[in-house]
Amino acid sequence: MAEIAVEATQIPAQLPEVRVAVLGAGKMGGILLQAFLKENLFALERIHATVSHPERALALSTQWAWT
């Protein structure tokens with residue numbers, strides 16, 4: 001999966017009160033997460049995702065670190 005640059009603090013989330021869960025952050029779920037984050041559609045604390053493999057969780061958390 002190609003990496004993207006996420007600038008989630010530039011504009012306020014368009015749907016700040018909506019909670020979203022991506023069940024399965026594999027290829028399709030990962031693409032959805034990328035779109036949500038790139039377009040800043042939801043507040044970061046309201047996005048949740050599940051993964052089947054610990055390696056995938058580590059890869060995603062490293063790719064989208066919010067420090």
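The values are calculated or read from the model by the stated rules, or taken from the named source; none is laboratory data. Computed from a predicted structure; not experimentally measured. Ideal geometry is used to build each Cβ from the backbone, glycine not excepted, and the neighbour counts take in all protein chains shown. Heads up: the accessible areas ignore ligands, DNA and RNA and are worked out on the full protein's heavy atoms, side chains in. Shrake-Rupley method; radii C 1.70, N 1.55, O 1.52, S 1.80 Å.
Pairs, please: C-beta under 8 Å, at least 6 apart or cross-chain, first residue within 13 Å of A49 (Cβ to Cβ) and in the range 1-30, second modelled with pLDDT of 90 or more and part of a loop (DSSP other than H, G, I, E, B)?
Listed by first residue and then by second, the contacts come to G24/V51; G24/S52; A25/V51; G26/V51; G26/S52.
Working only within the range 21-64, note down all residues that are more than 9 Å from the chain's Cα centre (by Cα) and among the aromatic types (F, W, Y).
Residue satisfying the conditions is F42 alone.
Kindly provide the set of residues from the range 17-49 that are open to solvent by less than 40 Å² (accessible area, probe 1.4 Å) and not in a helix (DSSP H, G or I), ordered by number. Please lay out each step first, then the result.
Going through the range 17-49, the residues open to solvent by less than 40 Å² (accessible area, probe 1.4 Å) turn out to be 20, 22, 24-26, 29-30, 33-34, 36-37, 40, 42-43, 47.
V20, V22, G24, A25, G26, N40, F42, A43, I47, listed by residue number.
Any chance you could count how many residues in the range 50-61 are modelled with pLDDT of 85 or more, part of a helix (DSSP H, G or I) and either open to solvent by less than 60 Å² (accessible area, probe 1.4 Å) or farther than 16 Å from I31 by Cα (or both)?
Adding up the residues that qualify gives 5.
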